[in-house]
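Below is one structure; the comments refer to it alone.
The values are calculated or read from the model by the stated rules, or taken from the named source; none is laboratory data. Everything numeric in this text was worked out from a predicted model, so none of it was measured. Counting neighbours? That spans all protein chains shown, and the Cβs are built from the backbone with ideal geometry, glycine included.
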Amino acid sequence: MAEATAERDGDTLRVQGDLDFDSVAALWDATESLLAADPPARIDLNEVRRASSAGVALLVAWLGQIQRQRRAVIFVNVPAQMRAIIEVADLDTVLPFA
């Protein structure tokens with residue numbers, strides 16, 4: 001089973017591992033209360049090794065949760081594999097990237 005983790009570092013949430021169908025549900029559960037209590041200003045994906053459409057769906061869910069609190073977030077160091085999925089899904093105008 002693939003594993004993904006996220007760790008808060010100031011106003012940044014650093015994500016590591018694989019963002020795929022095996023890992024995103026657990027990562028959502030692990031980050032839901034953190035994002036609800038104090039949303040990060042940045043989500044850094046530099047340490048993401050692999051990602052599928054499930055990983056992109058997680059980014060959309062995080063964005064929605066943060067925006068419902070009238071806060072802004074930016075995704076940084078988005079891997080090329082995720083960017084390709086985002087472009088094909090026509091989400092490149094929805095998800096804020098650095």
Do we have Leu27 as outside any loop (DSSP other than H, G, I, E, B) and modelled with pLDDT under 95 here? no
Pull up region 10-45, narrow it to residues that are among the acidic types (Asp, Glu) and out of contact with any Pro (no Cβ under 9 Å at 6 or more places or on another chain), then point me to the one that is farthest from Gly55 (Cα to Cα). Asp38
List pairs: first in region 2-29 and of a type outside the set (A, V, I, L, M, F, W, C), second assigned to a loop (DSSP other than H, G, I, E, B) and crowded, with 17+ Cβ neighbours inside 10 Å, Cβ under 8 Å, 6+ apart or cross-chain? Glu3/Ser23; Arg8/Pro40; Asp11/Pro40; Thr12/Pro40; Gly17/Ser23; Asp20/Ser52
Quick check: is even one residue across region 33-49 within 12 Å of the chain's Cα centre (by Cα), under 19 Å from Ala4 (Cβ atoms), in a helix (DSSP H, G or I) and not aromatic (Phe, Trp, Tyr)? yes
Taking region 44-81 and the residues there that are over 14 Å from Leu27 (Cβ atoms), hydrophobic (A, V, I, L, M, F, W, C) and touching a helix residue (DSSP H, G or I) at 6+ places or on another chain (Cβ under 8 Å), the one that is surrounded by the fewest Cβ atoms within 10 Å (Cβ to Cβ) would be Ala72
With the checklist (1) among the aliphatic types (A, V, I, L, M); (2) part of a helix (DSSP H, G or I); (3) in contact with a Ser or Thr (Cβ under 8 Å, 6 or more places away or on another chain) in hand, flag the one item Leu13 doesn't pass. (2)
Please list, ordered by first then second residue, the pairs with beta carbon atoms under 6 Å, 6 or more apart or interchain, first in region 75-88 and at positive phi, second of a type outside the set (Asp, Glu). Asn77/Leu45; Asn77/Asn46
